[in-house]
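Below are the structure tokens for one structure; questions will follow.
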Amino acid sequence: MFAGIDVGSLVTKAVVLRDGKVAGYSIISSRTNPRKAGEQALEKAITNANCKREDIKCIVATGYGRSSFSFADKTVTELTCHATGAHYLNTEIRTVIDIGGQDSKVIKLDESGKMSDFAMNDKCAAGTGRFLEVMAQALEVGLDSMGEFSLKSDKPCSLSSICTVFAETEVISLIASGAKKKDIVAGLHMSIARRVGSMAKGLGLQKEIAFTGGVAKNSGVRSAFEEFLSVKFAPISEDPQIIGALGAALVASKF
Ligand SMILES: Nc1ncnc2c1ncn2[C@@H]1O[C@H](COP(=O)(O)OP(=O)(O)OP(=O)(O)O)[C@@H](O)[C@H]1O
Ligand SMILES: [Mg+2]
């Protein structure tokens, strides 16, 4: 058995593989202690996989806090892990769009699943999960209901601010002027799709396209992307948030 740990900036994920298949996984907050989060995520995934720590032959860590996880046999970049995880689930995938808490990435893959090129935004919160968290708070809408909520909108607000701080002010003004929350949320989703989608277009979009990371759980962002890019995302049979950890576990199985 093999394990992959993705210590993300906001969320830590662990995947345990048995016979090359996902036997168990976990998703927990990274909080202020990424080292502890990695250990807790691993323990939880081991319990879910119904095995023992000694059964794990190799552990690979990835993500922003990967070097703080001391039980790893090897550390690998997130780009490689997302590419490896997506290719394992669907060998036709040539582009991965990953949006996590702190950054957004577009990864190009060759036929063998190896990364051939990438683009990344890690300088600014706009176009990340953190951006949506700030806006969910300002709007008093639950983060996990934002997707469903925005899909009810037939007139998305147009938001002109790119910066998270200015966009929050713009959202507050829109609420004050009587705009419907569903239309504001739909506008926010479209602004993420435009920002990250333009980065993807710049790199050159090649089908099939997978959407990974925690933000891929937001059906409103998914649909805004599909509209902006005029594509349909390839279906993924696992939780999109664990693809990096899955890739790490697959790297561990070949180490
Ligand atoms: N059920 C959900 N519905 C909508 N959004 C969600 C849901 N669960 C998580 N998210 C979003 O996913 C984000 C975290 O995603 P992820 O776990 O990929 O980030 P991370 O790996 O910690 O970040 P990074 O890769 O930038 O270091 C949160 O900021 C949140 O916006
Ligand atoms: Mg991540």
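The values are calculated or read from the model by the stated rules, or taken from the named source; none is laboratory data. No experiment lies behind these values; they were computed from the predicted model shown. As a convention, Cβ positions derive from the backbone with ideal geometry for all residues, glycine included, and neighbour counts pool all protein chains shown.
Answer yes or no: is there a residue in the stretch 70-81 that is within 20 Å of S104 (Cα to Cα), in a helix (DSSP H, G or I) and in contact with a Lys or Arg (Cβ under 7 Å, 6 or more places away or on another chain).
For the stretch 70-81, residues within 20 Å of S104 (Cα to Cα), in a helix (DSSP H, G or I) and in contact with a Lys or Arg (Cβ under 7 Å, 6 or more places away or on another chain): present.
Across the stretch 1-42, what is the total count of residues that are in a strand (DSSP E or B), touching a residue at least 12 places away in the same chain (Cβ under 8 Å) and more than 16 Å from ligand 1 (Cβ to nearest atom)?
Of the residues in the stretch 1-42, 8 are in a strand (DSSP E or B), touching a residue at least 12 places away in the same chain (Cβ under 8 Å) and more than 16 Å from ligand 1 (Cβ to nearest atom).
Right, another one. May I ask you to list the residues in the stretch 84-116 that are away from ligand 1 (no atom under 13 Å from the Cβ), more than 16 Å from G204 (Cα to Cα) and under 16 Å from the mean Cα position of the chain (by Cα)?
Listed by number, the residues that qualify are T84, A86, H87, L89.
Which of the residues belonging to the stretch 225-240 are aromatic (F, W, Y) and assigned to a helix (DSSP H, G or I)?
Passing the criteria: F225, F228.
Which of (1) of a type in the set (G, A, S); (2) farther than 27 Å from K232 by Cβ; (3) within 14 Å of ligand 1 (Cβ to nearest atom) does A126 not meet, given it meets every other one?
A126 satisfies every listed condition except (2).
Within the stretch 64-83, which residues are within 16 Å of ligand 1 (Cβ to nearest atom) and of a type in the set (S, T, Y)?
Passing the criteria: Y64, S67, S68, T75, T77, T80.
Could you pull out the residue among I243, I192 that is over 25 Å from Y25 (Cβ atoms), within 11 Å of ligand 1 (Cβ to nearest atom), in a helix (DSSP H, G or I) and not charged (D, E, K, R)?
I192
Given the criterion of a type in the set (A, V, I, L, M), more than 12 Å from ligand 2 (Cβ to nearest atom) and buried (at least 24 other Cβ atoms within 10 Å of the Cβ), identify the matching residue among A23, A61, A49, A72.
Working: A23 fails: buried (at least 24 other Cβ atoms within 10 Å of the Cβ); A49 fails: buried (at least 24 other Cβ atoms within 10 Å of the Cβ); A72 fails: buried (at least 24 other Cβ atoms within 10 Å of the Cβ).
The conditions single out A61.
Could you tell me how many of the residues in the stretch 150-173 are of a type in the set (A, V, I, L, M, F, W, C), outside any loop (DSSP other than H, G, I, E, B) and either surrounded by fewer than 20 Cβ atoms within 10 Å (Cβ to Cβ) or at pLDDT 95 or above (or both)?
3
Ok, one more. Determine, yes or no, whether G204 is within 16 Å of ligand 1 (Cβ to nearest atom), at positive phi and not assigned by TED's automatic domain parsing to the domain that holds Y25.
Numbers: within 16 Å of ligand 1 (Cβ to nearest atom): no; at positive phi: yes; not assigned by TED's automatic domain parsing to the domain that holds Y25: yes.
When the stated conditions are applied, G204 does not pass them.
Then there is this: Say we look at the stretch 29-42 and pick out the residues that are surrounded by 15 or more Cβ atoms within 10 Å (Cβ to Cβ) and closer than 16 Å to Q102 by Cα; which of these is farthest from the chain's Cα centre (by Cα)?
My answer is P34.
Restricting to the stretch 126-146, count the residues that are surrounded by 20 or more Cβ atoms within 10 Å (Cβ to Cβ), assigned to a helix (DSSP H, G or I) and in contact with a Ser or Thr (Cβ under 7 Å, 6 or more places away or on another chain).
1
Within the bounds of the stretch 43-61, is there any residue that is more than 14 Å from ligand 1 (Cβ to nearest atom), more than 14 Å from the chain's Cα centre (by Cα), assigned to a strand (DSSP E or B) and of a type outside the set (A, V, I, L, M)?
Checked against the condition, which is being more than 14 Å from ligand 1 (Cβ to nearest atom), more than 14 Å from the chain's Cα centre (by Cα), assigned to a strand (DSSP E or B) and of a type outside the set (A, V, I, L, M), the stretch 43-61 yields at least one hit.
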